[in-house]
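Trainee: Just dropping this structure here.
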Number of protein chains: 2
Amino acid sequence: MVRTARFSEHCFIEAATHLVAEGGPAAATMQAIARRVGAPTGSIYHRFESRSAILSAAWNAAYASFTGALAPLLREGRAREAALAILPWSSKDEHRARFLLLHEPVTLFEDAPPPAPVREELERLEEAFDSAFRACVAARGDGSVREEELARARFLIFDAPIAIIRPHLLKGGPLPPFVERMIDELHAGLPIAATPDQGIRPMAAA
Amino acid sequence: MVRTARFSEHCFIEAATHLVAEGGPAAATMQAIARRVGAPTGSIYHRFESRSAILSAAWNAAYASFTGALAPLLREGRAREAALAILPWSSKDEHRARFLLLHEPVTLFEDAPPPAPVREELERLEEAFDSAFRACVAARGDGSVREEELARARFLIFDAPIAIIRPHLLKGGPLPPFVERMIDELHAGLPIAATPDQGIRPMAAA
DNA sequence: GGCGTTCTAGAACTGCCATTCTAAATGGTA
DNA sequence: TACCATTTAGAATGGCAGTTCTAGAACGCC
């Protein structure tokens, strides 16, 4: 067609991801993103209609990468491996992990809501991830999925591993070796299938 | 002395806490805080030297309230009760819980660092909390404190309960009853004292 | 090889927000 | 009662960041 682009959508997303990972959402100003890429600020608007569009696109990319690593394992019912998958994923590129795991979306999009198509894509990603969880839980029990078991699975496979590595992401540097053991023991000690009514300890009834 | 103040330090902190809890850090502009209190914007500067001063003061207050509820239990070695203490604390006032548990400090203070005295107070609070953890871990073992055990204790008592209730804080509304059981079983299944080398399962060695 | 489309390039605009400033009000004290 | 430190009150300021605008450059097609 016409003039070849020097700057791709991808490189703007990459720059935004790095900036947020290193300095928080406020560090990812349009000028900072442009400066990092070496482009004029105006060029960003040829790819993204607004700041929240580029930030939410970066969020979607990171979320898709993460859930894409876990979902296949979940669908096979391999909960433990799925929980451990966060380790290679987060060390593969630390910036994306810091971006995704250290910031709530609400802190990114509070000024302006992201455009509809990007928001819809995130909803699709979340639904796909949710259905993978349901498949995992169903595979482990009698096929039915109770809310409590779903919450347990999400905690064991998603939130707990994140909580385990989060302090080390904040400090920076490599993950200590014992985080793998913690995730492992967590799965050995807390089953996804909720024990219906017998408290583990007498005091637990409370 | 002189003219009596209509607006206290406390009510500005309260307003800032609510605004962040409801709409994220960017919602807590100086004018929004003032409007919520019914004061002119200038009045805030008679109590706080800057925006990051008031936000960090609010952070310190919430952090002190939370750690103050846990520390006494920790020092007595009552890890399970400490882990469960987050439940009454967070339902006592949901706004402070949302403020503290849903936002990393980095997203609050990224524009300007908080003034030195407030930062130092936070360091004191963090040290006190850390020492309570060390006391708890020491009380449960032979008195020595290994890094791994400290990390386990922080996860079991602090990060994991937060991770368990976070999804429900994000959605809003009351906590489902099974979160208490999850925290309980977590402590029954994953001991603070690290099992030195015997994997729980054969595959765990990895 | 001109032409139109798409891009770069960067200056200009707009609005918002933290902060400051000036003036008026207040109320205990001397 | 007069004083004056402190506060209210709210307008003014200054800067920054998102967004838009204008001009010019590059490339592939007809």
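The values are calculated or read from the model by the stated rules, or taken from the named source; none is laboratory data. All values derive from a computational prediction rather than experimental measurement. Heads up, the Cβs are rebuilt from the backbone with ideal geometry, glycines too, and the neighbour counts pull from every protein chain shown.
Trainee: Exactly one condition in (1) surrounded by 15 or more Cβ atoms within 10 Å (Cβ to Cβ); (2) small (Gly, Ala, Ser); (3) at pLDDT below 95 is not met by B:GLY42; state its number.
Mentor: With (1) surrounded by 15 or more Cβ atoms within 10 Å (Cβ to Cβ); (2) small (Gly, Ala, Ser); (3) at pLDDT below 95 applied to B:GLY42, the lone miss is (1).
Trainee: Which pairs have Cβ atoms under 6 Å, sit 6 or more apart or on different chains, and link a residue in the range B:171-194 that is more than 7 Å from chain A (Cβ to nearest Cβ) to one that is not in a helix (DSSP H, G or I)?
Mentor: Between residues of the range B:171-194 that are more than 7 Å from chain A (Cβ to nearest Cβ) and residues that are not in a helix (DSSP H, G or I), the close pairs are B:ALA193/B:GLY141.
Trainee: Still on this structure: Considering only the range B:7-25, state which residues are within 13 Å of DNA strand C (Cβ to nearest atom) and buried (at least 19 other Cβ atoms within 10 Å of the Cβ).
Mentor: B:PHE12, B:ALA15, B:ALA16, B:LEU19, B:VAL20, B:GLY24, B:PRO25
Trainee: Among the residues of the range A:7-38, which ones are within 14 Å of chain B (Cβ to nearest Cβ), assigned to a helix (DSSP H, G or I) and either touching a Lys or Arg at 6+ places or on another chain (Cβ under 7 Å) or more than 10 Å from DNA strand D (Cβ to nearest atom) (or both)?
Mentor: A:LEU19, A:VAL20, A:ALA21, A:GLU22, A:GLY23
Trainee: Condition first: within 16 Å of DNA strand C (Cβ to nearest atom) and among the acidic types (Asp, Glu). Now tell me which residues in the range B:26-80 satisfy that.
Mentor: B:GLU49
Trainee: Further question: Of everything in the range B:137-166 that's among the basic types (Lys, Arg) and over 22 Å from A:PHE158 (Cα atoms), which residue is farthest from the other protein chains (Cβ to nearest Cβ)?
Mentor: If we take residues in the range B:137-166 being among the basic types (Lys, Arg) and over 22 Å from A:PHE158 (Cα atoms), then B:ARG140 is farthest from the other protein chains (Cβ to nearest Cβ).
Trainee: Failed condition for B:TRP59, given (1) part of a helix (DSSP H, G or I); (2) within 16 Å of DNA strand D (Cβ to nearest atom); (3) of a type outside the set (Lys, Arg), with all others met?
Mentor: So the condition that B:TRP59 fails would be (2).
Trainee: Here's something else I'd like to know. Can you name the condition, by its number, that B:ILE86 falls short on among (1) of a type in the set (Val, Ile, Thr); (2) over 30 Å from B:LYS171 (Cβ atoms); (3) under 12 Å from the mean Cα position of the chain (by Cα)?
Mentor: (2)
Trainee: To continue, here is another question. Tally up the residues in the range A:79-112 that are within 11 Å of chain B (Cβ to nearest Cβ), without any contact (Cβ under 8 Å) to a residue 40 or more places away in the chain and of a type in the set (D, E, K, R), please.
Mentor: 3
Trainee: Please verify whether A:ARG80 is away from DNA strand D (no atom under 16 Å from the Cβ), of a type in the set (Lys, Arg) and surrounded by 18 or more Cβ atoms within 10 Å (Cβ to Cβ), treating the condition exactly as stated.
Mentor: yes
Trainee: For the subset of the range B:46-74 comprising residues that are more than 15 Å from the chain's Cα centre (by Cα) and hydroxyl-bearing (Ser, Thr, Tyr), which member is nearest to B:ALA5 (Cα to Cα)?
Mentor: Residue satisfying both the conditions and the ranking: B:SER50.
Trainee: Now for a different question. Of these, B:THR41, B:THR4, which one is in contact with a helix residue (DSSP H, G or I) (Cβ under 6 Å, 6 or more places away or on another chain) and either within 14 Å of chain A (Cβ to nearest Cβ) or within 16 Å of DNA strand D (Cβ to nearest atom) (or both)?
Mentor: Within the list B:THR41, B:THR4, the selection yields B:THR41.
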